[in-house]
């Protein structure tokens, strides 16, 4: 029996090689792997001794040889294949253990260059893995050191690796290579293209108790080429994070990350129910909470600056399942650790080649789009009403417009003094969203402004807002009835601006 071993990650290698040798395998290896095996006192042959061809091109070519691959790919029991092996003096290979150059680790290293990346694209390794996995009924393929233990026990007792186990190892091997190739493809992808074919590779980083509901399974996966983001958040305190915590945490982190000024948000069921901007973080939090205190209960609180001790104290008395910030003052963390039900997460901005794309799974495939990250420029807005917005109204409109893109469509946001005081989300009828926003804001709507993520199809939504006390509104415009909407604004004394851009969020 013969085994080919060529691994970058040498975890468990001496023990595995020893078990294979004890089970009667001839070990054949390359460079550093062969050295590690020999240093453990285990007999090993170099691949070049088997092929009769030296390693060349600085090691770029060492396992790409027919004497090696014929031994892996030959079908056992097929007379013509066995005859050809004998004719060319090729011995069959029964086990292949390979893992690959650290491409991902290399490209994530600060200062890494394209040359570094290219030198760490493994060619021989994936070829060996694919060949062995293709012929898994005859060849055992191992790409994960975690499998060495049970394989060693099985082989030491001369037990067969069952056809089902071989199949699972082959599937794992193809998945391993696919993830690797996807990382290379994503690294080389242009940031702004929607390619003809698109692959995504994720690695499971943890299990969840369940999905959105207890009868659904759930797990967390990360993009190997991305850094930061909610999936890599550091849990500083509190119970394990859940599927819904992740979804709401992502929504909250995206909201506050979109604001250049110090911001605080309270999110419930993927929608911000409270949001405020203030240089004084405790004030930003209090005003965000006051946007909808009833909905804040059991939600997510997020901040885009280091969470201070004063802010942590201001949060007392309100149940939050998740608290998110880029960092925490030591005293703030001590205060939050007393909240047994709160998951305290330190999150860094997500960066990576696929972070500029939004991928949605749909039946039979996926939808792919670039992110809704249109540059924010109020100078491009057009005043459509006779009365232009005041400076204060324009400032609040800018805040409300930025907030509206994070609320599920049809989205209506009411704001005052750069704080959300009411919102309507996810309604098929835009007028219903206006009604819901006004109901939450109540008397606070007097003197407030309104932002709508898409145009008003009729004047009724604007009329309802004016009746509730709203004095200015921003929408993209573009409706067949824009004239009626503008006329209603003038009749009601509202300032109306068209932003020229829509921000649907489904």
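The values are calculated or read from the model by the stated rules, or taken from the named source; none is laboratory data. Source: prediction; values computed, not measured. All Cβ positions, even for glycine, are placed from backbone atoms using ideal geometry, and neighbour counts span all protein chains on display.
Within segment 457-506, restricting attention to residues that are at positive phi and in contact (Cβ under 8 Å) with a residue 60 or more places away in the chain, the residue that is nearest to the chain's Cα centre (by Cα) is 500.
As a summary of the residue check, residue 218 satisfies the conditions (1) in contact with a strand residue (DSSP E or B) (Cβ under 7 Å, 6 or more places away or on another chain); (2) at pLDDT below 90 except for the one numbered (2). Looking at segment 350-432, the strands (runs of 3 or more DSSP E) lying wholly inside it that each contain 2 or more residues that are closer than 23 Å to residue 228 by Cβ sit at 357-362, 365-370. Quick one: is residue 454 under 16 Å from residue 475 (Cβ atoms) and part of a loop (DSSP other than H, G, I, E, B)? Yes: the conditions hold for residue 454. When residue 324 is tested against the conditions (1) surrounded by fewer than 20 Cβ atoms within 10 Å (Cβ to Cβ); (2) within 23 Å of the chain's Cα centre (by Cα), the lone failure is (1).
Looking at 68, 85, 64, which is the one that is assigned to a loop (DSSP other than H, G, I, E, B) and modelled with pLDDT under 85? None of the other options fit; the residue is 64. Looking only at segment 1-11, residues that are crowded, with 18+ Cβ neighbours inside 10 Å and out of contact with any strand residue (DSSP E or B) (no Cβ under 6 Å at 6 or more places or on another chain) come to 0 in all.
The rows are residues; the columns are (1) surrounded by fewer than 16 Cβ atoms within 10 Å (Cβ to Cβ); (2) under 24 Å from residue 16 (Cβ atoms); (3) in contact with a helix residue (DSSP H, G or I) (Cβ under 8 Å, 6 or more places away or on another chain).
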residue	(1), (2), (3)
83	yes, no, no
86	yes, no, no
93	no, yes, yes
96	no, yes, yes
101	no, yes, yes
106	no, no, yes
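Within segment 468-485, the set of residues being over 18 Å from residue 403 (Cα atoms) and modelled with pLDDT under 95 comprises 478, 479, 480, 481, 482, 483, 484, 485. Within segment 88-115, being more than 28 Å from the chain's Cα centre (by Cα), under 22 Å from residue 147 (Cα atoms) and in a loop (DSSP other than H, G, I, E, B) holds for 93, 94.
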